[in-house]
Amino acid sequence: MRHILRRRELTADAWHYLGEDALGSEAVIVPLAELRANPARFAARGGRLGVRLAPVDRVEDLAGDLPRLALVACEFPSPGEGRGYSQGRLLRERFRFTGELRAVGAGVKQDLVFHLARCGFDALELAPGEDSQAAITAWGRYDVAYQPGDARVKPRLQRFFAA
Amino acid sequence: MYQYDELDQAVVDQRVAEFRDQTRRHLAGELSEEEFRPLRLRNGLYIQRHAPMLRIAIPYGLLSSAQLHTLAHVARRYDRGFGHFTTRQNLQLNWPHLEDVPEILAELATAQMHAIQTSGNCIRNVTADHLAGVAQDEVDDPRPYCEIIRQWSSVLPEFTYLPRKFKIAVTGSPADRAASEVHDVGLHMVRDAQGEIGFTVLVGGGLGRMPIIGQVIRQFLPVADLLSYLESILRVYNRQGRRDNIHKARIKVLVKALGIDRFRELVEAEWNENRAHAVRLPAAEVDRVRAFFRPRPYEILADIATPAGDDPRFQAWRRYNTHAHKVSGYRAVFVSLKAHGSIPGDMTSDQMDAVAELAGRFSFGLVRVTHTQNLVLADVRQRDLKELWGELDRLNLAMPNIGTLTDMIACPGLDFCSLANAGTLDVAKQIQQRFDDLDYLYDLGEIEIKISGCMNACGHHHVGHIGILGVDKHGEEWYQITLGGSATGFTALGEVIGPSVRKNEVASTIERIVEVYREVRADGERFVDTVHRLGIKPFKEQAYAPHPAAA
Ligand code: SF4
């Protein structure tokens, strides 16, 4: 059973990724390329729909689908891959996405928890082997920030604010 | 200078706590070297040829006496009693122990210093003109804006994992003493027709394997838009910069591939889209930071000329190692880290302590680091110059060679750096030995030599009037020479004169080159201007000719 870290809580994942024998599942996460290739396949189905973005995917291409999506998952395949942070901020700030924003991949580790959270990720699918207790503690590593960011991780002190 | 408030202090303290935990996990085997690497790099820690190397940030090159004392202490306690000032105004310690680094950072934090983002693929230490605030030709003091950028870019979640490193320089003077046109972003302070202060923004400059001069992306950016515009540039780069090839990952490659016009379109489109949610820079915040950089409480003094009969050594030093100040009765003083026989940019802890004290006595307790690897005491009363000179002379910090050929820049090279192809420090020494005659140096006038140990160009060789690049030829150290580069006044990339030369031939080759200059120069013409007037041909023809002594 896969677990997802939501803030300081580890919860069982109610979602399935496409290919996990999941089309019948109530909540399924589909790669953007797959959604584009077979729009009809997913339009017809009931239940909740999520989309998985690869680092190269453009958030703008998803804009029209966002109202019907309950989840967007962005990939962090390695710690050095930073495009997902921009995807997260754009989804939250520009496209006002309010569903679950999930970080997934081998790069989702405790040392990035604060960065991910400030960029709008509220659900972390930790890399295999990552100590979830340590990741929970890591949410609290910084209680201050210079920059604006997702208000769900509200810093005690902050210098710059968004318009 | 800027003083930390509760937020600034908390950021560095929490960063230290985080890195302490990361180091502990690494040493306990919980974080592999591969996992630890990006984390330690973002805290300034490299693993070098002999040992770890710690790069401590000196934001825009400004230090208080207390901070310089702290650096002296840290270098003494955790290293071998000296440090190396770099071309990006940082200080490098070459021999710290990995397990001590959290403690070093904690000590730095008590003096409002850090090593945050001094390496790794993120926004690096922001640099500025070392004469900021005292130069006569200045539009405005760039340092408040550097400090604002320092804060905004520190622990910046969206841009901590960029395709590659990102360097920003700000210059307040048209003379550009910050080499800003060879930075990922260069900001030139300007005034618009209404007299409002803003920035001309350049993007995509850089050295390394693909040296390029930055291009103007925006002619005038109001101060209020500084951060939001930087954010837009960074976002376009973060999303579109290449990540498949480390040698093609800098923003300059993206700008070149798209062309400046297309890149500008993308940035402006992003900026317009982003405006509604972009980070704001309120005037009150600008004023808060600017207040820390108000002019020093200068006395009202007249300029004093040096009596003609004065000690000629002092006169030479006053002429070469001091610079005009915008306030009469004052001069900016260069502390030369280029004494012949020493390593360019190196300074012992004892020298640091002594200079920190001198700064307290003579220059409002402030010291600047230059990108040419010297220090500056910016606000010295002219009547104190002689006394200060005596003190610096005793410390071996008064070599009167600023701006001359032996005021060289050199990266650490093969002696310390694991990426190096060839040594740089012994080449510098060879040049110092050959050009040890001050009268000859003065006759040659202003010449900048810049030496890098490999293509990464940390020694900025492309923009040296004479550039020297170490290359590896079948395991031997050879040196490629370029002429005509420039980063100050105007920006130009040097041209390679021909095949590289053997290590023991570097200084004699340079001597032949400058001899050509002595023959063909026009009256009062600088070396680099002669090269630009005549091209490299006459120099190239003589550079390889057998040395008269050897013939
Ligand atoms: S230029 Fe090369 S040798 Fe010199 S410090 Fe940079 S990486 Fe090392």
Residue among B:Leu207, B:Leu187, B:Leu227 that is among the hydrophobic types (A, V, I, L, M, F, W, C) and within 10 Å of chain A (Cβ to nearest Cβ): B:Leu227
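For region B:278-297, enumerate the residues that are part of a loop (DSSP other than H, G, I, E, B) and either among the aliphatic types (A, V, I, L, M) or more than 8 Å from chain A (Cβ to nearest Cβ) (or both).
The first filter runs over region B:278-297 and keeps only residues part of a loop (DSSP other than H, G, I, E, B), leaving B:278, B:280-282, B:294-297.
B:Ala278, B:Leu281, B:Pro282, B:Arg294, B:Pro295, B:Arg296, B:Pro297 - these are the residues of region B:278-297 that are part of a loop (DSSP other than H, G, I, E, B) and either among the aliphatic types (A, V, I, L, M) or more than 8 Å from chain A (Cβ to nearest Cβ) (or both).
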The one condition in (1) among the polar types (S, T, N, Q); (2) surrounded by 15 or more Cβ atoms within 10 Å (Cβ to Cβ); (3) farther than 23 Å from A:His115 by Cα that A:Ser78 fails to fulfil: (3)
Residues that are in contact (Cβ under 8 Å) with a residue 40 or more places away in the chain and over 15 Å from the mean Cα position of the chain (by Cα), drawn from region A:110-148: A:Ser132, A:Ala135, A:Ile136, A:Trp139
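Does B:Tyr479 fit the bill of being of a type in the set (Phe, Trp, Tyr) and either within 13 Å of the ligand (Cβ to nearest atom) or within 23 Å of B:Ser180 (Cβ to Cβ) (or both)? Spell out how you get there, then give the answer.
Working: of a type in the set (Phe, Trp, Tyr): yes; either within 13 Å of the ligand (Cβ to nearest atom) or within 23 Å of B:Ser180 (Cβ to Cβ) (or both): yes.
Yes; evaluated as a whole, the condition is true for this residue.
Take the residues of region B:241-253 that are within 14 Å of chain A (Cβ to nearest Cβ) and out of contact with any helix residue (DSSP H, G or I) (no Cβ under 6 Å at 6 or more places or on another chain): which is surrounded by the most Cβ atoms within 10 Å (Cβ to Cβ)?
Going through region B:241-253, the residues within 14 Å of chain A (Cβ to nearest Cβ) turn out to be B:241-246, B:249, B:251.
Among the residues that remain, those that are also out of contact with any helix residue (DSSP H, G or I) (no Cβ under 6 Å at 6 or more places or on another chain) are: B:243-246, B:249.
Numbers: B:Arg243: 21, B:Asp244: 7, B:Asn245: 9, B:Ile246: 11, B:Ala249: 19.
This residue is B:Arg243.
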Any chance A:Glu34 is surrounded by 13 or more Cβ atoms within 10 Å (Cβ to Cβ), away from chain B (no Cβ under 14 Å) and more than 20 Å from A:Phe95 (Cβ to Cβ): yes
Tally of residues being more than 16 Å from A:Gly80 (Cβ to Cβ) and at the interface with chain A (Cβ under 7 Å from one of its Cβ atoms) across region B:230-240: 1
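Looking at B:Gly206, B:Gly172, can you tell me which residue is under 19 Å from B:Leu281 (Cβ atoms) and among the small types (Gly, Ala, Ser)?
Selected residue: B:Gly172, the only one of B:Gly206, B:Gly172 that is under 19 Å from B:Leu281 (Cβ atoms) and among the small types (Gly, Ala, Ser).
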Matching residues in region B:115-126 - criterion: being modelled with pLDDT of 95 or more and more than 14 Å from every other protein chain (Cβ to nearest Cβ): B:Ala115, B:Thr118, B:Arg124
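Going through region B:1-23 one residue at a time, which ones are free of Cβ contacts under 8 Å to residues at least 40 places away in the same chain and either of a type in the set (S, T, N, Q) or more than 10 Å from every other protein chain (Cβ to nearest Cβ) (or both)? Explain how you work it out, then say what you get.
Kept after step one, since they are free of Cβ contacts under 8 Å to residues at least 40 places away in the same chain, are these residues of region B:1-23: B:5-7, B:10, B:14, B:17-18, B:21-22.
Once the filter is applied, which keeps residues that are free of Cβ contacts under 8 Å to residues at least 40 places away in the same chain and either of a type in the set (S, T, N, Q) or more than 10 Å from every other protein chain (Cβ to nearest Cβ) (or both), region B:1-23 yields B:Gln14, B:Gln22.
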Residues of region A:106-130 satisfying the condition of being assigned to a loop (DSSP other than H, G, I, E, B) and more than 8 Å from every other protein chain (Cβ to nearest Cβ): A:Ala106, A:Gly107, A:Val108, A:Gly120, A:Phe121, A:Asp122, A:Leu126, A:Ala127, A:Pro128, A:Gly129, A:Glu130
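Do we find that B:Thr404 is within 16 Å of the ligand (Cβ to nearest atom) and not assigned by TED's automatic domain parsing to the domain that holds B:Gly464 in this structure?
Details: within 16 Å of the ligand (Cβ to nearest atom): no; not assigned by TED's automatic domain parsing to the domain that holds B:Gly464: yes.
No.
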Every residue from region B:143-181 that is more than 9 Å from chain A (Cβ to nearest Cβ), at negative phi and either in a loop (DSSP other than H, G, I, E, B) or among the hydroxyl-bearing types (Ser, Thr, Tyr) (or both): B:Tyr145, B:Arg164, B:Lys165, B:Lys167, B:Thr171, B:Gly172, B:Ser173, B:Pro174, B:Ala175, B:Arg177, B:Ala178, B:Ser180
Flag for B:Phe435 being within 16 Å of the ligand (Cβ to nearest atom) and either of a type in the set (Phe, Trp, Tyr) or closer than 20 Å to B:Arg319 by Cβ (or both): no
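Select from region A:81-105 the residues that are more than 10 Å from chain B (Cβ to nearest Cβ) and either in a strand (DSSP E or B) or more than 13 Å from the chain's Cα centre (by Cα) (or both) and list them in ascending order. Quick ask: steps written out before the conclusion?
We begin by selecting, within region A:81-105, every residue more than 10 Å from chain B (Cβ to nearest Cβ); these are A:91, A:95, A:97-105.
Hits for region A:81-105 are A:Phe95, A:Glu100, A:Leu101, A:Arg102, A:Ala103, A:Val104.
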Selection status of B:Ser418, within 16 Å of the ligand (Cβ to nearest atom), on the phi < 0 side of the Ramachandran plot and in contact (Cβ under 8 Å) with a residue 24 or more places away in the chain: yes
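Can you tell me which residue in region B:438-460 is surrounded by the most Cβ atoms within 10 Å (Cβ to Cβ), limited to those that are β-branched (Val, Ile, Thr) and more than 9 Å from the ligand (Cβ to nearest atom)? Break it down into steps so the answer makes sense when it comes.
Going through region B:438-460, the residues β-branched (Val, Ile, Thr) turn out to be B:447, B:449, B:451.
Now restrict to residues that are more than 9 Å from the ligand (Cβ to nearest atom): B:447, B:449.
Numbers: B:Ile447: 23, B:Ile449: 25.
In this case the residue turns out to be B:Ile449.
The values are calculated or read from the model by the stated rules, or taken from the named source; none is laboratory data. Computed from a prediction, not measured in an experiment: that's the story for all the values here. All Cβ positions, even for glycine, are placed from backbone atoms using ideal geometry, and neighbour counts span all protein chains on display.
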